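As structure tokens, the structure follows; a few thoughts come after it.
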């Protein structure tokens, strides 16, 4: 998990990877066709199939995989659009941001001063309490 | 000989020899010289003053000037003083969105959202076209791949352009949360203090000391008054 922009960037990169993976799958697992009436499809024994450039999948498996890949692409694209729409600070201009930062800086200074004051008051109260307790201890 | 061996054995290179010139004496001397020169030249910022003709032992305390061409090399890489995003045109990439001046006129970023979404949709459409081309005329796919590449690079460019904006936005969020934290802490301290003060007032009105004296006399037990006092305080 990173910030929103990095998430978006990663999602875009993943989309690119999915493009390649999809083409790669189709390229490797499509069915074989004959070009002329005299061509013959050679059936390769299973153990050698791994070394072959094309390893045809059964029709229904191939279809299902295509559908899944296409759905994944759509999902990723929608993810990207969602990430775009939740980018932080879309309705702030640079001037808005600067003003905001400056205001916050001032408020922080005030709050810090108040905190210091409160700590001082606490110390004073503590000292008074301490004095009272000591006087109780030694009647 | 011994020293030489140590040098070979150490993981990191030794610090540059001029570190010994940074004595507190020398540092204060150059501070003074800077201030004098700044006053004479009427410059506000003493760090921007460059001093000429420094004595040998102070020469290393003045940082070297910035590179004139705005470029320098470290470990074989080139760096620029002004760290800016390279333009798309520099990399011979077609630009698929309007100029910065022509969009987001009001300083807001809705145009950017629209452009990004449009690019995302174009990516999908172009991929669909690419698969179609690969099936029918693979030799035409080359151009389509270039299109998709350009779309991706444009997308990344727009994202990176937005990074400074997001950085400021994160800063605002962090400051806001710090402000909230500080205020909560102040309130908690005040609450605790008020409680303690109420206890003190309670002690005053109960005239606890009399009770304590009374109890001690009766029970002859020194712990009792303490316990009494503590229970009162802990309430």
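With a simple spin-label model that places each label point 7 Å from the Cα along the Cα-to-Cβ direction, the separation between residue B:22 and residue A:42 comes to 7.3 nm.
Round to the nearest 10 and give me the degree value, 0 to 90, for the angle of helix A:4-29's Cα axis relative to the longest principal axis of chain A. Between the helix axis and the principal axis of chain A, the angle is about 10 degrees. Alpha-carbon geometry of chain A: the Rg and the Dmax are 34.5, 119 Å, given in that order.
Once both labels are positioned 7 Å from their Cα atoms along Cα-to-Cβ, the gap between residue A:61 and residue A:99 label points is 6.4 nm. Taking 0.36 nm per residue of separation and subtracting the Cα-Cα distance, full extension of the segment from residue B:205 to residue B:139 would add 13.9 nm.
Here, each number is a calculation from the coordinates, and none is a lab measurement. This structure is a prediction, so every number in the text was calculated from the model and none was measured. Ideal geometry is used to build each Cβ from the backbone, glycine not excepted, and the neighbour counts take in all protein chains shown.
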